[in-house]
1. Looking only at residues in region 249-266 that are farther than 27 Å from Gln539 by Cα and in contact (Cβ under 8 Å) with a residue 40 or more places away in the chain, which one is most open to solvent (accessible area, probe 1.4 Å)?
2. Check Thr168 against each of (1) open to solvent by 30 Å² or more (accessible area, probe 1.4 Å); (2) closer than 25 Å to Arg529 by Cβ; (3) out of contact with any strand residue (DSSP E or B) (no Cβ under 8 Å at 6 or more places or on another chain); (4) modelled with pLDDT under 85 and name the one condition it does not meet.
3. List the strands (runs of 3 or more DSSP E) inside region 484-533, counting only whole elements, that have at least 1 residues being touching a residue at least 24 places away in the same chain (Cβ under 8 Å), open to solvent by less than 60 Å² (accessible area, probe 1.4 Å) and under 20 Å from Phe428 (Cα atoms).
4. Need the failing condition index for Pro219 against (1) more than 16 Å from Trp267 (Cα to Cα); (2) outside any helix (DSSP H, G or I); (3) modelled with pLDDT of 90 or more; (4) not basic (Lys, Arg), just the number.
5. Suppose the filter is surrounded by fewer than 17 Cβ atoms within 10 Å (Cβ to Cβ) and either over 20 Å from the mean Cα position of the chain (by Cα) or modelled with pLDDT under 80 (or both); does Asp291 pass it?
6. What do you reckon, is Asp244 open to solvent by less than 30 Å² (accessible area, probe 1.4 Å) and either among the acidic types (Asp, Glu) or modelled with pLDDT under 85 (or both)?
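The values are calculated or read from the model by the stated rules, or taken from the named source; none is laboratory data. These numbers come from a predicted model, not from an experiment. Backbone-built Cβ (ideal geometry, glycine too); neighbour counts: all protein chains shown. We work out accessible area using only protein heavy atoms, side chains counted, and drop any ligands, DNA or RNA first. Shrake-Rupley method; radii C 1.70, N 1.55, O 1.52, S 1.80 Å.
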Amino acid sequence: MSTPSAPPPCPHLAAHRLSSRPLRFLRRCLRVRPLGRPEIRRDPRELPRCSPCAAASPSPSPRLYACLSCAAVFCPSHAASHASASAGPGHQIAVDVDRAELFCAACGDQVYDPDFDHAVFLAQSSSLLPSTSSTSPSPTPRKRRRVDYRAWAPDPAEFALMSSADPTTSASAAAPAGLRGLNNLGNTCFMNSVLQALLHAPPLRNYFLGDRHNRFLCPRRTPVRHRAAEADATKLACLACDLDEIYSAAFSGERMPYSPAKFLYSWWQHASNLASYEQQDAHEFFISILDHIHENIKDDQHKSHAQGHGDCCIAHRVFSGILRSDVTCTSCGFTSTTFEPCMDISLDLDVGDNTPFGVANTKPHVRNGERGLAGMNSKVSTLMRCLERFTRAERLDAEQKFFCERCGERQESLKQMSIRRLPLVSCFHIKRFEHSAVKKVSRKVDHCLQFPFSLDMAPYLSSSILRSRYGNRIFPAEASDADAVSELSSEFEIFAVITHSGKLEAGHYVTYLRLNNHWYKCDDAWVTRVEEHTVRTSQAYMLFYVQKTLYYKACERAAAV
């Protein structure tokens, strides 16, 4: 597999470099706020406004850009007109007034320049240095001695301190541990939103913070000085090591935004077909990350007897469940049952379609917050109705006739899905993007989805579906230990919501995290606290729930959670 190449740079930025001074000279125009956010230096009493917009009030857009050539201020709506109307080159490149990010008005997108990025880094670094006298002599730099990595072992005092305080909850309520923004590296909000959810998934978080995968001791880790010599395409970067590095950075106590550039490059090596600065689907990225983590840190000792059962690696232990598919012949009643592992459940938005079919469960779930939803808008769906639709029996059409072993021919049949075993973390993917092969058009479904913060998955388990189908006449072959464990651990709590706003072609991903019973909005580098109503009214695209109670088997070795 060849190493992916970076996309071509912006031609307007390249032309600006040839006709202007290097952008590193803009360092004197930058200032850093107390929380580490860089911005353009200006008078505190000055209120920047878009020139083409109304002069009486500030622009309604949250972004304002200043032209690097004429210092004109404009909003994204007037960026293209400024670039085309201005005479002479250089008016296409502007800088974000509040975020100190380069923006191409002609391309309508953020651009990257190493000189400007170096200027921002120097401005942030200088703000962290303590103020010293200008007359004090500068110390003579000394060469640092390279030391080998040694595993840390806590002494009794440190062990007692760790036992009395949980590092994941010991921070103050205003700033929980691990809450750190991620810089957008160019249309990488899809990556940042998924990483925020993975960082705060309790079983996965405990695995990496518990040093179960140490990037310094990983056998797949190759020193930089040997990477040029080892050009073997099979020696790809270890995503688990890069994820371990992100965990260390997020829970280090540092609040300045972190740039997951190394993780992005490693993912590009594994998914070369997606190696570009174009917007990608967050759900596709989530599945790709779990697949590659599985390839990196799967347990070879368990692979022989646990492959496909969710015990081969930490990705499968946390997110893998088992679905059950029953296909019943409508002529003789013969049922064919198959099982398949799943890392998430994709659900169709059920908008006002409550017509029961087959053995659909239509009883209200008061525990899941379903009471009082009858009089709501027809374009409002609920997670419970989506799950009922997923587990509802459906009649297969004539082209999908099932070959019945008892009848010896193809017959019409009913197919019903159910959940055989629940994962530790359940991920629900809401299908908001529709593609019509007939009309050859794609669109986004903007219907609202209501979801509970506490979810009971018992009605959608295979044991419940079989009980509703056969009553108490459940055969011994239909029951198993996995079904019993799933019934005991069917209570879930939400901890992360990934939303998608905008259109299908140009949208933006944001993650809402539930930490210490408070909600926080992670919008790339910006992390703010929000109210519960903001989360409930958002356009949920991916929902993450974790089991309230975890059950262990005495015969198994210590679990990672």
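1. Ranking the qualifying residues of region 249-266, first place goes to Arg255.
2. (1)
3. In region 484-533, 491-502, 507-515, 518-523 are the strands (runs of 3 or more DSSP E) which contain 1 or more residues that are touching a residue at least 24 places away in the same chain (Cβ under 8 Å), open to solvent by less than 60 Å² (accessible area, probe 1.4 Å) and under 20 Å from Phe428 (Cα atoms).
4. It is condition (3) that Pro219 fails.
5. no
6. Judged against the criteria, Asp244 is a match.
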